[in-house]
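> One structure, as structure tokens, below. Some questions next.
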Amino acid sequence: MLLLASCAGGGGSGMASKVSSDDRMVIAVSYDQPGLSVRRLDGSYRGFDVDVAKYIANELGVKEENIAWKEAQPGNRETLLTSGEADMVVSTYSITDKRKQIVDFVGPYFVAGQDLLVRMNENRIDGPKSLNATLRLCSTAGSTSAEYVRDQFAKDVKMVEYAKFSDCVTALLAENVDAVTTDDVLLAGYAAQNPELLRVVGDPFSKEEYGVGLHRDDPNSKAKVQAALQKMIDTGAWRKSLEANIGSSGYKIPDPPQLAP
């Protein structure tokens with residue numbers, strides 16, 4: 001009902017602006033990433049990514065009640081944009097050269113590092129190099145995290161994939177996997193939910209730059225989103241949101257990144 005303009009194909013060249021059309025937006029966020037983006041039982045949304053999305057929408061003249069939220073999963077984020085199902089994706093969406101061939105990004109608005117989440121009593125795993133063929137590593141389909149671990153550190157580790165990171169955490173608690181890998185800020189949120197059972201190894205081994213995903217070839221929208229993100233950083237709203245959403249996890253809040261031109 002709130003879908004903007006006409007649905008786009010994979011290219012999108014020559015399209016009218018997809019963002020802030022008719023003062024309405026469809027924004028895709030994750031539903032199960034504590035501290036970053038969670039859909040609550042009452043149907044509301046909370047987290048740093050949600051705040052980023054709302055701030056951008058407001059700067060573009062879209063009121064919160066005119067945002068239609070859609071679930072983003074690691075495996076469907078490009079499709080949400082190329083199909084026209086979403087106008088914007090704000091979902092711990094790492095900027096990569098491969099993804100930039102399909103969608104546009106504005107950012108980075110946050111820089112994380114990949115790490116490992118393990119059970120509190122786990123003593124076999126102290127970093128990615130300790131993963132081996134006897135251990136089961138969980139990540140999500142469509143995520144860059146597991147591929148990076150396998151290619152760079154542990155080619156023999158047993159890979160287990162689920163649609164959502166929360167499913168990986170459930171499997172870890174049930175001892176069906178031995179470790180979960182994704183970005184440290186996200187793992188900190190899951191550890192904070194289960195402080196007596198789970199811990200982050202604390203040895204980050206990558207650099208993950210989060211971007212706001214947009215349709216390709218829409219420079220008008222890209223410039224507007226860029227200006228909104230810069231304002232969020234400059235006014236202190238960026239840091240305030242991080243402190244409110246992930247401060248309690250013990251995660252050290254970094255300085256804001258420099259947005260790419």
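The values are calculated or read from the model by the stated rules, or taken from the named source; none is laboratory data. Bear in mind that the values here come from a model prediction, so they are computed numbers and not experimental data. Neighbour counts run over all protein chains shown; Cβ positions are idealised from the backbone, glycine included. Only protein heavy atoms, including side chains, enter the accessible area calculation; ligands, DNA and RNA are left aside. Shrake-Rupley method; radii C 1.70, N 1.55, O 1.52, S 1.80 Å.
> Taking the 0 to 90 degree range and rounding to the nearest ten, how far is the long axis of helix 184-193 tilted relative to the main principal axis of the chain, both from C-alpha atoms?
In the chain, helix 184-193 runs at an angle near 70 degrees to the longest axis.
> For the chain, with a Gaussian network of springs between Cα atoms less than 10 Å apart, report the residue from Tyr148, Tyr55, Tyr31 with the top mean-square fluctuation.
Tyr148
> If I take all pairs of Cα atoms in the chain, what percentage of them are more than 24 Å from each other?
Roughly 46 percent, rounded to a whole number.
> Moving on. Solvent-accessible area per residue for the chain at a 1.4 Å probe radius, Å²?
On the way: 11810 Å² over 261 residues.
Ligands and nucleic acids excluded, the figure is 45 Å² per residue.
> Quick check on packing: order 234-240, 32-38 by the mean number of other C-beta atoms within 10 Å, highest mean leading.
Descending packing order for the listed peptides: 32-38, 234-240.
> Also: Normalised by the number of residues in the stretch 70-164, what is the relative contact order in percent for Cα pairs under 8 Å and 6+ residues apart?
28 percent
> Next question. Tell me the angle of helix 219-234 to the major Cα principal axis of the chain, expressed in degrees between 0 and 90 and rounded to the nearest ten.
Approximately 60 degrees, to the nearest ten.
> So who's got an amide H within less than 5 Å of the one on Lys158, skipping anything under 5 residues away but keeping other chains? H placed 1.01 Å off N, in plane.
Those qualifying (amide H under 5 Å, at least 5 residues apart or on another chain) are Leu135, Leu137.
> Here is a follow-up. Angle check, please: helix 237-246 long axis (alpha carbons) against the longest principal axis of the chain (alpha carbons), in degrees 0 to 90, nearest 10.
Result, in degrees: 30.
> Taking the alpha-carbon distance from Lys158 and a cut-off under 22 Å, which lysines remain once sequence neighbours fewer than 8 residues away in the same chain are dropped?
Lys129
> What is the percent carbon and sulfur in the accessible area of the stretch 66-127, measuring with a 1.4 Å probe over the protein chains and ignoring ligands?
42 percent
> Now a separate question. Sort 184-194, 42-52 for me by packing, meaning the mean count of neighbouring Cβ atoms within 10 Å per residue, highest on top. The partial results should precede the final answer.
On the way: 184-194: 22.9, 42-52: 19.3.
Descending mean neighbour count gives 184-194, 42-52.
> Counting only protein heavy atoms, what percent of the accessible surface of the stretch 157-260 is carbon or sulfur at a 1.4 Å probe? Please list the in-between numbers first.
Values: 2270 of 4860 Å².
Carbon and sulfur together cover 47 percent of it.
> May I pose another question? Quick one: Karplus J couplings for the stretch 76-90, per residue in order, coefficients 6.51, -1.76, 1.60, θ = phi - 60°, nearest Hz, x for Gly and Pro?
Ordered by residue, 3J(HN,Hα) equals 10, 5, 4, 4, 4, 7, 5, 7, x, 5, 9, 8, 7, 10, 10 Hz.
> Report, in listed order, any pair from Lys100/Lys207; Lys100/Lys240; Lys70/Lys231 with a Cα-Cα distance greater than 23 Å.
Lys100/Lys240; Lys70/Lys231
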